[in-house]
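To start, the structure under review is shown below, and the notes come after it.
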Amino acid sequence: MSSETSLEESSVNNTDEHNNCTSTDSTPKKKSYFKLTLTILFLIAFVIVAGFLIYQYKQGSFKNWQTFKNYINSFGLFGPIFLTVFQCVKVLYVVIAGGIGCAAGGALFGPLVGFICNYIGIVSGSILAFCISKKFGPSFMHMLFSEKKINKYMTWMNKYKKHYSIFLWIAICSPIAPDDFLCYFTGASGMSYRRFLLIIFTAKIWSILGYSLIFGLNFH
């Protein structure tokens, strides 16, 4: 009787162990499929938005800040929302000058509302670019930028690595520096999230504020 009981217990234990192993093995696979699905969806969305921007570019919507102002104005009450989303998205594609949106926002909505929309949009896009690059690594950067440009900044960063944070802060402040590219580049450089957020929040405000005041006070 006791031997039968022990056999039954052993059988139950083996079944439990098998179930636990099966559950443990399937969990990483589920996570892997989930990440793969998210990556595919992201790439599809990235291509779709790129197509939209190319179409609007060919239509002349982004020719200069006046044409872009008219384009935003066509959205009526949703204009500020569209401007904010556009400024976020344009950072990710690095093909449209951010100054166009900043100038159009100030001229159309005034210095305060224009500044708020542009600041929220550009800072959000900069953080997304940093996170995407940190997630996908240098391989994603090579899809967007030339090898020559990447190597140029990589050489500079390796040479002045201790001062890269200072360089980035000054570059983000400047209205003419390739700050969209630098957000991607910095994501692949290994900089921490905390340091990047501190830089982007404190540095990006100045150029956007300048655009908002100049165009908001003179053309609104």
Worksheet entry | Residue among Met191, Met141 that alone is farther than 26 Å from Gly101 by Cα and either modelled with pLDDT under 90 or assigned to a helix (DSSP H, G or I) (or both) | Met191
Worksheet item: Looking at the range 117-132, which of its residues are modelled with pLDDT under 95 and open to solvent by 60 Å² or more (accessible area, probe 1.4 Å)?
Response: Leu128
Worksheet item: When you scan the range 81-121, how many residues do you find that are among the β-branched types (Val, Ile, Thr), closer than 17 Å to Ser174 by Cα and in contact with a Pro (Cβ under 9 Å, 6 or more places away or on another chain)?
Response: 1
Practice prompt. From (1) more than 25 Å from Val85 (Cβ to Cβ); (2) in a helix (DSSP H, G or I); (3) open to solvent by 30 Å² or more (accessible area, probe 1.4 Å), pick out the condition that doesn't hold for Lys135.
Written response: (1)
Item to complete: Scan (1) open to solvent by 40 Å² or more (accessible area, probe 1.4 Å); (2) within 22 Å of Ile205 (Cβ to Cβ) for the single condition Gly110 breaks and write down its number.
Response: (1)
Worksheet item: If you go through the range 138-154 one residue at a time, how many are touching a residue at least 40 places away in the same chain (Cβ under 8 Å) and open to solvent by 70 Å² or more (accessible area, probe 1.4 Å)?
Response: 1
Worksheet, complete the sentence: Log entry, pairs with first residue in the range 76-88 being under 11 Å from Gly114 (Cα atoms), second being open to solvent by less than 30 Å² (accessible area, probe 1.4 Å) and in a helix (DSSP H, G or I), beta carbons closer than 6 Å, six or more apart or on different chains, reads Gly79/Ile72; Pro80/Cys117; Leu83/Ile72; Leu83/Gly105; Leu83/Cys117; Thr84/Cys117; Thr84/Gly121
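Okay, residues lined up against (1) within 27 Å of Cys131 (Cβ to Cβ); (2) in contact with a Phe, Trp or Tyr (Cβ under 8 Å, 6 or more places away or on another chain); (3) at pLDDT below 80:
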{"site": "Lys31", "(1), (2), (3)": "yes, no, yes"}
{"site": "Leu36", "(1), (2), (3)": "yes, no, yes"}
{"site": "Val47", "(1), (2), (3)": "yes, no, no"}
{"site": "Ile72", "(1), (2), (3)": "yes, yes, no"}
{"site": "Phe82", "(1), (2), (3)": "yes, yes, no"}
{"site": "Val85", "(1), (2), (3)": "yes, no, no"}
{"site": "Gly99", "(1), (2), (3)": "yes, yes, no"}
Practice prompt. Taking only the range 34-74 into account, find how many residues are of a type in the set (Val, Ile, Thr) and surrounded by 13 or more Cβ atoms within 10 Å (Cβ to Cβ).
Written response: 3
Worksheet item: Where residues in the range 180-201 are over 17 Å from Lys148 (Cα atoms) and of a type in the set (D, E, K, R), which of them is surrounded by the most Cβ atoms within 10 Å (Cβ to Cβ)?
Response: Arg195
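Regarding Met157, is this residue part of a helix (DSSP H, G or I), more than 26 Å from Pro80 (Cβ to Cβ), free of Cβ contacts under 8 Å to residues at least 40 places away in the same chain and touching a Phe, Trp or Tyr at 6+ places or on another chain (Cβ under 7 Å)?
Against the criterion (part of a helix (DSSP H, G or I), more than 26 Å from Pro80 (Cβ to Cβ), free of Cβ contacts under 8 Å to residues at least 40 places away in the same chain and touching a Phe, Trp or Tyr at 6+ places or on another chain (Cβ under 7 Å)), Met157 qualifies.
The values are calculated or read from the model by the stated rules, or taken from the named source; none is laboratory data. Predicted model only: the values in this text are computed from it and were never measured. As a convention, Cβ positions derive from the backbone with ideal geometry for all residues, glycine included, and neighbour counts pool all protein chains shown. The protein model used for the area step is the full one, side chains on, heavy atoms only, and it has no ligands, DNA or RNA in it. Shrake-Rupley method; radii C 1.70, N 1.55, O 1.52, S 1.80 Å.
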